[in-house]
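These notes concern the structure reproduced below.
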Amino acid sequence: MRPPSRRRAAIQQLLAAYSSVLLNVINGIVLVPYYFRFFDVATYGSWLACQNVVTWLALVELGFNLVFTHRLVSEGPSPERFAETVGSGLLLTAMTAIAAALVGAVLAACGPAWMPALVGASGDNLEDLRLGLLCASLGVALTMMQAAFTAIAASWLDAGRTGLIGVIALACGIATTFVALSAGAGVAALGLAALVRGVVGAFGSGFYIAVRYRKRGHGRMRVSRVTLLELLRTLAFPGMARVLATVAQNSEATVAAAFVGPTAAAVLGLSSRLYDLGRILLVPISYSVFSPFADVVLRDGVERARGLYKELVGLVLGLSILLLASAVAVNASFVRVWLGGEVYVGGAMSLALALAIFTYTFANLQSVLVAAVGRIREGAVVSIVDTGLRVAALVVLTSSTGIVGIPLASIIASTISIALYSRELARGLTTRVLALVPWARFLALAVAFALAAVAAAWVEPARGWLSLARVVVPCGVVALAYTLAVSRELREHGSSVLRRFLGAKSAT
């Protein structure tokens, strides 16, 4: 019974994640031209930099969610330990959430002292940015609680419904954006949306967990001093890594605003939006398989886990070819038609952004799986190395080469991290590093990126939605054909889905 449960859990989490992706596309792509009816590009660039600051607040979470989930999965067979871990973990999460909210409130109150220099705020938008930062900070605190509740559900291999609650929360946030913009809130509407999203997500998932916890017959949640100390000791080293990694990975817009200006930060963010879509389609795969993969390692052993690892890597690389390579070919046309102007960074920069997204996504997959095999401390060491490389490259390259230094820094740091994570995975799965490296698929991805770059330079940029469709359709068809030719995993998954669909249709 357990293997079908794992598969069902992963599928439910993926469905919820991709429903969230759809709403994030609406929020981050479809609505952006609408935002510019209420504030200008420079203000949006300042908000992106503020979003980086809000993300920094989340670092007080210290990467606890993965540690919490792994601990709950391993202690599932022991009801006494499980109840103590749940209670102690929720207390730690509540404490860090309160700390994040307080820090955000202080930063918003002190906004006039730092916002003009750091995020390019001006007298016209300073108050709106301060209000947006305050609301978004409260939203981050509530989202931390939502993540802790989701970790409990994930340990039951039952995160589908908490994922659905997250989707509803996103929808409420989007609705809030419309209402607040119409009411004249300006860029603060984006922060208000984050607050509403956090309220709905935290209280909804908390209520669901309370009901399910009682129905599953678990013992009463309680806080144990011993368990608290154990969690803190487990968290200490990964927590430091989380702090450093969060600061480094979410500093791009702030660095761009500080070194090059808020308009450049906005142009960078807008030109990479299509690649961000690819990233948010790929990253959920990593987190949706964390609990099932950890369960396989703990219950079935490393031999079964090695086979599952190769399948996951093949799937992610195949989807990377399909999503990111095709995006390289059409990005210039998409940005021009989407925003109706020349807000575009250029072909070479666009390719660098795509490579940065891919290397980040693959490093993220490796990081999650390293934690799933139980090498949490070792993964934290790699994360700290990644941070040092990323920050050093970000400062040196951006100051010397301009905005192109931002994706180049990410590519360098993530590539080295992939190599280090592969070594830790090889140790955790008791195999050789070279046995885990998908050389043929990496080569296929490189060829796809090269062909897409040639197509991007050769194809005439689209000027309207109809001409954009004429570019997207043939590029998408070619990318799909190439992906199916080189990815056995996607062929097998696709044929399996098709057989089930045809079987269900014939049964009706």
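Remarks
- F293 accessible area, 1.4 Å probe, all protein chains in place, Å² to nearest 10: 0 Å²
- Sorted on the mean count of surrounding Cβ atoms within 10 Å across their residues, most packed first, peptides 216-223, 297-304, 94-101 read 94-101, 297-304, 216-223.
- Pairwise centroid distance, computed over Cα atoms, of the range 480-499 with the range 198-220, Å: 38 Å
- For the pair D124 and V433 in one chain, pulling the backbone fully straight at 0.36 nm per residue adds 105.7 nm over the alpha carbon distance.
- Taking label positions 7 Å along the Cα-Cβ direction at both L451 and R423, the computed distance is 3.5 nm, reported to one decimal.
The values are calculated or read from the model by the stated rules, or taken from the named source; none is laboratory data. Computed from a predicted structure; not experimentally measured. Here the Cβ is made from the backbone with ideal geometry for all residues, glycine too, and neighbour counts use every protein chain on show. Accessible surface areas use protein heavy atoms only, side chains included; no ligands, DNA or RNA. Shrake-Rupley method; radii C 1.70, N 1.55, O 1.52, S 1.80 Å.
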